[in-house]
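Read the structure below first, then the notes.
The values are calculated or read from the model by the stated rules, or taken from the named source; none is laboratory data. Quick caveat: nothing in here was measured; it's all calculated off a predicted structure. Positions of Cβ are generated from backbone atoms using ideal geometry, with glycine treated the same way; all protein chains shown enter the neighbour counts. Each accessible area value is taken on the protein alone, full model and side chains, heavy atoms only, with ligands, DNA and RNA left out. Shrake-Rupley method; radii C 1.70, N 1.55, O 1.52, S 1.80 Å.
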Amino acid sequence: ATAPGGKIMIIGMGNPIQTLPISAASLKEVDLLGVFRYANAYPKVIELLASGDPHLPDLSKLVTQRYNGLESIPKAFDMAASVKDDEGNLVLKVMVDM
């Protein structure tokens, strides 16, 4: 989601077929940007997140499933390959806490 006139970045290689509300994006004059290259992006992102900028969205909501420990890694990878979890919740980002 973004404000009218905003930008949405499609990052990485998700499913090869995506369903997007193109008409809604067009009416709101939203730019859709595809990004696959991560070179030199991490330092800037870390700096941005560490800044505590109140205008940034709550990124903790992007982590939708969490697992604990090495033994949970196979389950975490299976979940990351899914669109929805067993309760029907969207899978966006899967984390394994060590």
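At-a-glance table
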item: Interchain or long-range residues, amide H under 5 Å from residue 10's placed H; result: 33, 34, 35
item: Per-residue HN-Hα couplings for the stretch 71-76 [Karplus 6.51, -1.76, 1.60; θ = phi - 60°; Hz; x = Gly/Pro]; result: 5, 8, 4, x, 5, 5
item: Count of lysine pairs in the chain with Cα separation under 17 Å (8 or more residues apart, or interchain); result: 6
item: Linear extension gain, residue 25 paired with residue 80, 0.36 nm per residue minus alpha-carbon span; result: 17.1 nm
item: The chain: antiparallel DSSP beta bridges as a percent of all, rounded to 5; result: 10
item: Separation of the residue 62 and residue 46 label points, Cα + 7 Å toward Cβ, nm; result: 1.5
item: Space enclosed by the convex hull of the alpha-carbon atoms of the stretch 46-98, per residue, Å³; result: 100
item: Sulfur and carbon atoms: percent of accessible area, the chain [1.4 Å]; result: 61
item: Per residue accessible area of the chain, 1.4 Å probe, in Å²; result: 85
item: Quotient of C-alpha Rg and 2.2 N^0.38 Å, computed over the chain; result: 1.27
